[in-house]
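Take a look at the structure set out below.
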Amino acid sequence: MPLVPPLNFAMIASGVYRSGHPNKQNFAFLRKLGLKTIMYFAMEDYPPEMQHFVEQEGIEVLHYRTEGNKEPFVEVNPEDITHALVKLLDRRSHPVLIHCLKGKHRIGCLVGCLRKIQRWSMTSIFDEYRKFAGTKVLADQEFIETFVDEKVPYDHNYKPKWL
């Protein structure tokens with residue numbers, strides 16, 4: 001069976017991956033990653049085949065029912081981003097896949113906030129964001145810029161080596 005990665009798949013850091021919503025064609029590829037955790041950012045429930053896959057593989061799923069940033073009234077929930085970052089910054093959760101439907105905007109916000117914690121420049125953060133999301137950036141860019149990364153209460157005893 002060929003190994004097919006999910007839409008917009010990429011490695012963010014050692015043990016941390018991003019993508020769009022995986023489907024049945026991606027299961028063999030995901031098995032090779034040996035995932036412990038999946039963080040899913042979308043309003044929708046997992047389809048039955050995805051639910052069966054994560055149960056069969058023993059993968060912990062953290063489902064954040066959040067919409068993307070839509071000006072002027074709907075934005076990604078900062079508490080969800082903070083909670084997800086605490087898990088991402090705990091190597092005991094690795095290997096971990098973070099995904100939304102297309103792997104663009106919601107995951108782009110999460111990765112942008114992670115990059116702030118890693119002390120990337122805003123220019124580099126937004127270059128990476130646009131690589132996956134294209135041109136729709138204003139609301140997400142504002143979210144990333146105003147996110148207070150110093151308030152993410154991760155456990156320094158279990159931080160990954162790349163931090």
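The values are calculated or read from the model by the stated rules, or taken from the named source; none is laboratory data. Since the model is a prediction, treat every value here as computed from it, not as a measurement. Neighbour counts run over all protein chains shown; Cβ positions are idealised from the backbone, glycine included. Side chains are part of the model used for accessible areas, which takes the heavy atoms of the whole protein and leaves out ligands, DNA and RNA. Shrake-Rupley method; radii C 1.70, N 1.55, O 1.52, S 1.80 Å.
Data for the structure
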item: Count - residues of region 5-41 that are within 15 Å of the chain's Cα centre (by Cα), open to solvent by 30 Å² or more (accessible area, probe 1.4 Å) and either farther than 26 Å from N77 by Cβ or not basic (K, R) (or both); result: 7
item: Selection within region 42-59 - surrounded by 13 or more Cβ atoms within 10 Å (Cβ to Cβ) and either in contact (Cβ under 8 Å) with a residue 40 or more places away in the chain or at positive phi (or both); result: A42
item: Filtered residue count, region 111-132, keeping only those that are touching a Gly at 6+ places or on another chain (Cβ under 8 Å) and not aliphatic (A, V, I, L, M); result: 4
item: Candidates R91, R31, filtered to the one that is among the basic types (K, R) and under 21 Å from V152 (Cβ atoms); result: R91
item: Test: residue in region 92-104 that is in a helix (DSSP H, G or I) and at pLDDT 95 or above; result: yes
item: Subset of region 114-125 (residues that are part of a helix (DSSP H, G or I) and either touching a helix residue (DSSP H, G or I) at 6+ places or on another chain (Cβ under 9 Å) or buried (at least 17 other Cβ atoms within 10 Å of the Cβ) (or both)); result: L114, R115, K116, I117, M122, S124, I125
item: Tally of residues being in contact with a strand residue (DSSP E or B) (Cβ under 8 Å, 6 or more places away or on another chain) and at positive phi across region 20-39; result: 0
item: Hits in region 126-139 (condition: open to solvent by less than 60 Å² (accessible area, probe 1.4 Å) and in contact (Cβ under 8 Å) with a residue 60 or more places away in the chain); result: F132, A139
item: Total residues in region 140-163, condition among the acidic types (D, E), open to solvent by 80 Å² or more (accessible area, probe 1.4 Å) and in a loop (DSSP other than H, G, I, E, B); result: 0
item: Flag for I107 being in a helix (DSSP H, G or I), open to solvent by less than 20 Å² (accessible area, probe 1.4 Å), closer than 19 Å to V16 by Cα and not aromatic (F, W, Y); result: yes
item: Any pair with Cβ under 8 angstrom, 6 or more apart, that starts in region 1-14 at a residue that is free of Cβ contacts under 8 Å to residues at least 60 places away in the same chain and assigned to a loop (DSSP other than H, G, I, E, B) and ends at one that is among the aliphatic types (A, V, I, L, M) and open to solvent by less than 50 Å² (accessible area, probe 1.4 Å); result: M1/A28; P2/A28; L3/A28; V4/A28
item: Residue that is outside any loop (DSSP other than H, G, I, E, B) and in contact (Cβ under 8 Å) with a residue 60 or more places away in the chain, where the choices are L30, L35; result: L30
